[in-house]
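What follows draws every value from the coordinates through simple rules; no lab data is involved. Just so it is clear, the model here is predicted, and its values are computed rather than measured. For neighbour counting, all protein chains shown are included, and Cβ atoms are generated from backbone atoms with ideal geometry for every residue, glycine included.
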Amino acid sequence: MLQILKKDGADGYEKILNDLGLDKNPNVRISEAVDGEKVTGFGMYELSPEQITVYMISYNDDLILGDGILRSVLFLAAMKGIEKAVFENGSEALPKRLKLIKDGNVLEPVSEIFGGCESCKSK
């Protein structure tokens, strides 16, 4: 069964953090998509009182998996009342592909994406 879980620490992600220039940032968090004992994708992000900064979503071009990881990470922000998401390092490609943002690299308000689909509102 697929689960998306917050990871304690950054073990196993040191090279990626270094490549992104984030290895000195103690505030970076990682959430992993886990199927049994296998990690199938992950998200790297940072939460602050003002915004969530998404640095990377790795989803092996599985759009449904990417959507799940992204929404899980954004839900963490929404639960803390954070309404601004900033996508860095090219991570805006996924929310653009999912039509969550049109231009730029900012999604605001974050909670808007949890309101259901437009066609569902009339049902």
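Observations
- For the chain, the longest principal axis of the alpha carbon atoms and the long axis of helix 63-79 meet at an angle near 90°.
- Across the range 5-19, coupling constants 3J(HN,Hα) worked out from phi with the 6.51/-1.76/1.60 Karplus curve, θ = phi - 60°, read 10, 6, 8, 7, x, 10, 3, x, 10, 4, 5, 5, 4, 5, 4 Hz, and Gly and Pro carry x.
- Exposure proxy ranking, count of Cβ atoms within 10 Å, fewest first, for Asp8, Asp35, Asp23: Asp8, Asp35, Asp23
- Taken along the Cα-to-beta-carbon direction at a fixed 7 Å, the label points for Arg97 and Lys6 span 2.7 nm.
- FRET efficiency for the pair Ser111 and Asp62, taken as 1/(1 + (r/R0)^6) with r the Cβ-Cβ distance and R0 = 22 Å, rounds to 0.30.
- Exceedance of the 25 Å cut-off in Cα-Cα distance is limited, within the set Lys15/Lys99; Lys7/Lys38; Lys15/Lys84; Lys6/Lys80, to Lys15/Lys99; Lys15/Lys84.
- Which label in [x] 14.9, 53; [y] 14.3, 49; [z] 33.1, 102 gives the computed Rg and Dmax of the Cα atoms in Å: [y]
- The local environment of Gly21, defined by Cβ-Cβ distances under 15 Å, has a net charge of -3 under the rule Lys, Arg +1 and Asp, Glu -1.
- Using the rule -39500 (n - 2.57) for each DSSP H run of four or more residues, divided by the residues of the chain, the 222 nm mean residue ellipticity is -7000 deg cm²/dmol.
- Net lengthening on full extension, Asn25/Glu88 (0.36 nm per residue, minus Cα-Cα): 21.2 nm
- Computed on the range 2-121, with alpha-carbon pairs under 8 angstrom and 6+ residues apart, the relative contact order is 19 percent.
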